[in-house]
Each structure stands twice: as structure tokens, then as C-alpha cells.
Amino acid sequence: MDAYVEKDAVEAGDDRRRPLEGPPPAPSEPAPPKPAGTTSTNGTTGASGTGGGIMALSLPYQVVVAVALAVTGVFACVHLAMVFLHVAPSNTLTKQNGQAVDDWIYPEFEQNWKLFAPNPLQQNVSIEVRAELATADGGRRTTGWIDLTAQDTGAIRHNPMPSHTQQNQLRRAVDFYFNSHNDEHRPNGLRGRLSEQYVRRIAVQRLDALPSLADSDVRRIQLRAVTRPVPAPWWGTEKSKSSPSYRDFPWWRITDADRSPDAGADTNRTDTAQNRTEEAR
């Protein structure tokens, strides 16, 4: 009797160790074939071998895209080379090709390192302009001073992505003018006339964009720089004057060349000579 009980216990232990057998799995169906030209999970293409990008375009479009990329790459390389030569110390290349580098850089790509100056600017400089208009009866009238810097400040304030033009165009143009003129507004180098034309055209474009002067006949303009010291903090002991200082520009006569970016060099020289004549008067 003990033998039968022991046999039954062994069979019961084997049943506990043996996994339960379920129904056999259903046979899996073969996956449908992928269409030709599709990309598999490992990154390879199908039978046709057609990928994306430029190769997916037709031949004429491939040529256009390739030429555009080549032109962009050449322009980027030339620009980087010109900027490097402009900021690099004097060397043989800059001595032989200095004029070409300056023609490329000035005035749009001029480099300024004042950001790294140990003494930051402690003044706010505003640029104002007034215009002399021709009236219907043949007379002249002068407008009040228009704050051009305030226009840029209003466009920048509360704007998370202000444009480079709103931030730097007017400020850098006036800085360019001051660096190339003396205190009597006479050019002290070859870039004097260029800076004068650049500032004058910016002012004319700003005036033409004003609704109040849309139909006015602007004959002459005058700019001035208003410098206001930044007040010291309440805990500081530095003393500075609070009254603004003014620096008036000469009166400049306005011609069609100041409204046309494609004006030639001969016209610019003629306009500058006429401006000098009126300044002498």
C-alpha cells in the first residue's frame, strides 16, 4: 500500500513541474511584399533604388538646385574670406587687396568690437531730423524735429524678434559718419562722402515713409545728434550732468539720387559738390 502512495506522490510532483500544454499556435501568414522603391527599417531601398532629396527631382530641377547650392557656397566662402581679411592684422593680402576688401565690407558688413570694450557706453544718443518743404505758393517751411531713434525704439519694444535694421542701421550709419568726419563735419578720409550719402539716404527714406509727409516736396534736410547721459544708480556716487547736448549736421539738399539705390557714382559726386556749395552759402 505504501508503494502505491509513493508512486502517486511522484506522479503528482511531475505534474507540477511539467508545464500545461495549450493548443498549438496557428501558422503565421507570410508578410506582403513591399512595393519597389520603399525604404526598409534598416535604411536600404527597394528594387527601384529611388531615394529622397535632390535625386527625387527631375534632371532640370537637379541642375537648378545644384547651381543654387554652388553659388550660395561660393558666396559664403568669399564673404567669410573678406571678413577675415578685414579683421585680420595687416599682411600682404590686405595691403595688395585692401580696396577690394573695403568695397565689400563697407558699409553694410562693417565690424565693430565695442561690445568687448571694458568701459561700456554711458550715454543715449538719439538722431533727429527736420525737413525743409516747398509750399504751394513757392515758399519754404521747416518741420519740427522728428526723432528717428524713437521710431526704432518703438519698433523694438515688446518685439521678441526685432530686425537687424531696426536695431543697428541708423546707429551704425551715424557712428560711421562720425568716425569719418571731424568736428566741423569735414571728411577726414576716403570714406567721408560714402558715409554722408549713406546717412542722408536713410533719413530720406524715413521721411518718405511718414504719412504726414507723404505728399510733401522735401528740398533739404538737417540731422542732429542728441546725447543724453545715463543717470547713475541711486547707490552710486558718480556725478554727471543731466542736460542733453546737441550736435547739428549741415543742411543737405535732396535729389532723386537720394531716393534711388542704383544711382551712379558720377551723380553722387555731383550731389556732394552741390551740398558743399550750399553749406558754404
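The values are calculated or read from the model by the stated rules, or taken from the named source; none is laboratory data. Since we're looking at a predicted model, the values are computed, not measured. Note: ideal-geometry Cβ built from the backbone for every residue, glycine included; neighbour counts use all protein chains shown. For accessibility, only protein heavy atoms count, side chains too; no ligands or nucleic acids. Shrake-Rupley method; radii C 1.70, N 1.55, O 1.52, S 1.80 Å.
Here are some notes:
- Cα point-scatterer Debye curve for region 116-207, base-10 log of I(q)/I(0) at q = 0.10, 0.18 Å⁻¹: -0.36, -1.00
- Residue 169 paired with residue 153, simple spin-label distance in nm, labels 7 Å along Cα-to-beta-carbon: 2.0 nm
- Sequence of 109, 84 when ordered by accessible area, the most exposed leading, probe 1.4 angstrom: 84, 109
- Ordered from highest to lowest accessible area with the whole protein assembly present and a 1.4 Å probe, 128, 108 read as 108, 128.
- Residues residue 190 and residue 235, FRET efficiency given R0 of 45 Å [Cβ-Cβ distance, rounded to 0.05]: 0.40
- Gyration tensor (alpha-carbon) shape descriptor, region 158-215, a/c threshold 1.5: oblate
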